[in-house]
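Contents: one structure, followed by commentary.
The values are calculated or read from the model by the stated rules, or taken from the named source; none is laboratory data. Because the structure is a prediction, the values reported are computed rather than measured. Note that we place each Cβ from the backbone using ideal geometry, even for glycine, and neighbour counts take in every protein chain shown. Side chains included, ligands, DNA and RNA excluded: accessible areas come from the protein's heavy atoms. Shrake-Rupley method; radii C 1.70, N 1.55, O 1.52, S 1.80 Å.
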Amino acid sequence: QVSYNELSQICSMDAKTVEHYITILEQAFIIFRLGTFNRNLRNELKNSRKVYFWDNGIRNAIIANFAPIENRNDTGALWENYLVSERLKKLSLDKNFTNFWFWRTKEQQEVDYLEETDGKLSAYEFKWSESGAKKARLPLTFSRAYPNANFSVITVQNVEDFLITK
């Protein structure tokens with residue numbers, strides 16, 4: 001999740017300048033922004049954004065980390081970035097007109113990725129490890145607000161279904 005104010009403080013620049021640079025990187029197809037899903041529940045975040053790289057190699061170069069996946073402490077972020085970027089590429093290639101977001105509340109409950117196609121909402125959690133996948137649950141706040149949403153946990157074992165066949 002990206003805060004222009006936080007980045008501006010780190011880089012010692014104006015928040016508007018940071019936002020402008022993010023826009024340039026997006027227009028150059030280096031990054032993309034994923035907005036928040038909300039249907040006006042009081043506790044849902046409305047103006048938040050996540051920034052992803054179209055290519056994890058660029059992300060790794062920026063942070064100077066090319067260590068093998070088993071030696072990294074950002075495996076979850078890499079996995080999420082990979083899945084979201086590849087899913088959006090697939091949807092575009094298939095000319096599938098789908099809305100997509102992430103969901104988060106002020107209490108930090110989160111759904112990694114949401115899609116809405118033909119009025120049907122699907123929620124996805126991305127877990128690299130099987131132990132994490134076994135613990136993954138849809139937040140109660142989300143399931144109560146959107147009871148008809150489908151829910152799937154995407155892991156290394158079922159990634160093909162998410163990126164190829166769905």
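Tabulated results
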item: Sulfur and carbon atoms: percent of accessible area, the stretch 67-113 [1.4 Å]; result: 50
item: Residue-normalised accessible area of the chain, given per residue in Å² at a 1.4 Å probe; result: 60
item: Nearby lysines by direct alpha-carbon distance to K46 (threshold 23 angstrom, same-chain neighbours under 8 apart not counted); result: K16, K106, K120
item: Matching label, log10 I(q)/I(0) by the Debye sum over Cα atoms at q = 0.11, 0.12, 0.13, 0.14 Å⁻¹ computed from the structure shown, candidates (1) -0.60, -0.69, -0.79, -0.88; (2) -0.50, -0.60, -0.71, -0.82; (3) -0.46, -0.55, -0.64, -0.74; result: (2)
item: GluC sites (Glu not before Pro) within the stretch 61-162, DSSP loop, no more than 13 other Cβ atoms inside 10 Å; result: E107
item: Rel. contact order, % - alpha carbon contacts under 8 angstrom, at least six apart, the chain; result: 17
item: Label-to-label distance, nm, for residues given as F151 and F32 (7 Å Cα→Cβ offset); result: 2.6
item: Net length gained if the chain between D14 and N71 were fully extended (0.36 nm per residue, minus Cα distance); result: 17.0 nm
item: Proportion of all alpha-carbon pairs of the stretch 61-133 beyond 16 Å (%); result: 61
